[in-house]
Amino acid sequence: MDWNKTKTVFIITFLILDLFLAYQFMVKKNQNDLDFITEASVEEQLAQENITYEELPKSVEKKTYLNARSLNFIEEDLTKLKGQKIEFLSDYEIQGVFEEPIPLPSNNTSFRLNQFLKEYIFAGSSYALWHVNKEANVIIFYQKHADKLIYDNTNAMLIVHLNDKNEMVSYEQKLLKDIEKMDDDQEILTPIKALENLFFKDELKPGSKITKVSLGYYTFDLPVSSSQVLVPTWHIIVNEEEHYFVNAFEGQILSKRTN
């Protein structure tokens, strides 16, 4: 056995191993440094592009996916509704027509519409005002869960129709029930991280103004049955007209639309 050759092989082997470990250490260190720099400079990059935003939600919440089912309306549940005629459009949707038109309040609109929900709508406190579209003559309410809106879900929506006198005359209603957690709570993306994702995807143009950031839920997949999955979602309004819905777990844009 040639001991000198064996010793040389061991030395070279350990040298290569040391170089490999040093390389791995430097790669990890550089990645950590890059992550830190990126995280620390998001606000600076937005400021450089004159992209402004209101005060962001501060609390770091933990959320989970939710599972829900469409409510099967029962006639007995609707007998207490007053001043209207109810028709079943399907097992999961009803239509109400008011016997007398109800004026849309011009002052304290949100508060008075909340009163309207409690007085005229089945499980009315389950909904919150989303938008009054006077061009289409409709008022859109979204269902909420734990005070968080369920965005853009036709199975969790109340649509009230207006006449040409700005009076409420009828509505269609759907409602989700048995809303339950699917897993343990986990951390969600911070609001600034959601803005960063929009920025790097070139969705935030120079001079943009983020006018609102709020947390709610979005349908994870298109509902194909009475059961569906809801994912925690950041709702970001840009320039008071562009609405972005960003997955609060993974960061991808689930939907984008303009009022």
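We did not get these values from a lab; they are worked out from the coordinates using the rules stated. Computed from a predicted model, the values in this text were never measured in an experiment. Reconstructed Cβ throughout: ideal geometry from the backbone, glycine too, with neighbour counts over all protein chains shown.
Rank these for me by crowding, SER125, SER170, going from fewest to most other beta carbons within 10 Å.
By the 10 Å Cβ count, ascending: SER125, SER170.
Based on the Cβ-Cβ distance from LYS193 to PHE111, what FRET efficiency comes out when R0 is 45 Å, to the nearest 0.05?
Calculated transfer efficiency: 0.85.
Mind running the shape call on region 130-174? Use the C-alpha gyration tensor, a ≥ b ≥ c as the square roots of the eigenvalues: rounded below 1.5 for a/c, prolate if a/b tops b/c, oblate otherwise.
Judged from the Cα gyration tensor, region 130-174 comes out prolate (a/c at least 1.5, a/b above b/c).
For all pairs of alpha-carbon atoms in region 53-199, what percent lies in each bin of width 5 Å, listed from the first bin to the last filled one?
With a bin width of 5 Å, the distribution comes to 2, 8, 16, 19, 17, 14, 10, 8, 6, 2, 0.
Using a cut-off of 22 Å between alpha-carbon atoms, which lysines can reach LYS256, once sequence neighbours fewer than 8 places away in the same chain are excluded?
List returned: LYS134, LYS144, LYS148, LYS193, LYS201, LYS205, LYS209, LYS212.
Sum up the charges of everything whose Cβ sits under 11 Å from the Cβ of TYR53, counting Lys and Arg as +1 and Asp and Glu as -1, but leave TYR53 out.
-1
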